[in-house]
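Working notes, structure below.
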Amino acid sequence: MNNTNQNNTQKSGVHPKKPWDIFADWVNGEEPEDKMEKSEQYAVPQETHELHENISAQTVLHSESEHESHEKGHFLLKEYLTKFYKMYFGLSLIVGCVVVGILIYAVCTLPGYGLAENPTNNEVAQKYLEEGLEDTGAVNSVAGMILDYRAFDTFGESTVLFVAVAAVIMLMKRSMNKKNEARERLVAHEITIDKKDPNLVLKYSAVVLVPLTILFGIYVVLNGHISPGGGFSGGAIIGAGLMLYALAFGHDKISKVIHYRSFTMITGCALLTYAGCKAYSFYTGANHIGGGIPKGVPGAILSGGFILPLNICVGIIVALTMYGFYSLFSKGDL
Amino acid sequence: MIRFIIASVFIVAGIFVFAAAAFGVFKFKYILNRMHVAAKCDSMGALLILVGCMILGGFSFMTVKFLLVLLVLWLTSPVAAHLIVKAEITTQNEEESDEYEVIGK
């Protein structure tokens, strides 16, 4: 592919650069050199080139162009664009037909809907539904699936969130030396905004909503194994409550509780607790020792083995990750 | 049967209010007019549809849940609309100010 392109450019001698180089130049912010030749392909008069130069000059704010030539160029740009759109219409029709053809061909080769020998019809789903309550002790079979049968997968998901927030901290967090100065400036700015416009509507509604939101999130996390919900949804609700608190009352108040140190400590501890619990049950399960974790009465709050502590760990990670993203992107600090 | 008819009248009225809101959001050009339509009709349509659902379901534990949903919607939706409008007013461009209907900032 690349080779043929190179040959073509050498034969015609029109494009001295490889396409990749032009693309790299364009990414680096340079105007491509062969714009004139491209415009000549559409049989546009020579003034178009001047127009291109005008536009590029204006975009980099050199402002050397005269007003008169700009208006003339504007008319030519319109002509150029109408020609381009005519070609664009035909090309988009062809590309659309090809894509639709490929997709229809792919659909024709799919196995029929609901056939017994399809790979989706295996015994795994039935086993989870029939023996899930007995195996895991969780009434909510989804919680039993994601936190018992497939807990390793959920561990990976929690780690993804942790790594994401670590990467955002690396990119966005202000350096330690400038931290105090920037923080004081931000607090002063917030205070001036607050004096100018106290935003009482948001504050009074947040007084009612924040405790209710966080309480409901805790309820969803703790009842993850006996009702719909779980760590991810409950953690998202708690994170939304924390964000609302930070929005209404300012970062300064919430960062007395959740600052960089406590944030990293709590998130790391939650992830390590998850890893420890699952390592124990994997080790004992694989060696047929039997973990000795009581399953409890199905439907009670203390049932389902490790599902409740794992839900709490996942909830903490999700809530703090959501709040951390908000705080890092809006303030640049935790 | 009568209960079903009353409930369906409420729900159809709620759907009509929401349809009017959607129409208004596309009809008006300026953001404050659009937010006005969207915010008002949200509260009214939510009330009508939830009352229709309450009548349809009869008095049970679900009624309390519907009331809670209504409470949360009425608490959050006007506050969100207020904040969006406030953001528009504080950041609006002076040059575009010929189609305002609000006075002052």
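The values are calculated or read from the model by the stated rules, or taken from the named source; none is laboratory data. As the structure is a computational prediction, the values presented were derived from the model and not from experiment. All Cβ positions, even for glycine, are placed from backbone atoms using ideal geometry, and neighbour counts span all protein chains on display. Protein only, heavy atoms only, side chains kept; ligands, DNA and RNA dropped before computing areas. Shrake-Rupley method; radii C 1.70, N 1.55, O 1.52, S 1.80 Å.
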Debye intensity ratio in log₁₀ form over the Cα atoms of the range B:1-102, taken at each q of 0.22, 0.24 Å⁻¹: -1.10, -1.20
Average other protein chain Cβ within 10 Å of Cβ, residues A:196-208: 2
Starting at the first residue of the range B:66-78, write each ³J(HN,Hα) from the Karplus equation 6.51 cos²θ - 1.76 cosθ + 1.60 with θ = phi - 60°, in whole Hz, x for Gly and Pro. 4, 4, 5, 4, 4, 4, 5, 5, 6, 6, 8, 5, x
For chain B: relative contact order, % (alpha-carbon pairs under 8 angstrom, 6 or more apart): 31
Can you find, among A:Ile214, A:Ala270, A:Tyr204, the residue farthest towards the positive end of the dipole of the range A:174-314? Put +1 on the C-beta of Lys and Arg, -1 on that of Asp and Glu. A:Ala270
Only loop residues by DSSP count here, and only those with at most 15 other Cβ atoms within 10 Å; note down the trypsin sites (Lys or Arg not before Pro) in the range A:203-311 that meet that. A:Lys256, A:Lys295
Residues of the range A:281-305 with amide N under 14 Å of the 7 Å Cα→Cβ point at A:Phe152: A:281-287
Put A:Tyr85, A:Tyr113 in order of accessible area, largest first, 1.4 Å probe: what do you get? A:Tyr113, A:Tyr85
The ³J(HN,Hα) series, computed from each phi in the range A:165-172 with the Karplus coefficients 6.51, -1.76 and 1.60 at θ = phi - 60°, rounded to the nearest Hz and given as x for glycine or proline, is 6, 5, 5, 5, 4, 4, 7, 9
Any idea of A:Phe306's accessible area? Nearest 10 Å², probe 1.4 Å. 50
In peptide A:210-219, how many Cβ atoms from other protein chains are near each Cβ within 10 Å, on average? 1
Hey, got the average number of other protein chain Cβ atoms within 10 angstrom for residues in B:64-77? 1
Please state the Cα pair-distance histogram of the range A:247-290 with 5 angstrom bins from zero: what percent is in each bin? 5, 19, 14, 13, 11, 10, 8, 7, 6, 4, 2
Residue-ordered couplings for the range A:123-131, obtained by feeding phi - 60° into the Karplus form 6.51 cos²θ - 1.76 cosθ + 1.60 and rounding to whole Hz (Gly and Pro as x), are 7, 5, 4, 5, 5, 4, 6, 7, 9
Heavy atoms of the protein only, probe of 1.4 Å, neighbouring chains included. What is the accessible area of A:Thr321 in Å², nearest 10? 0
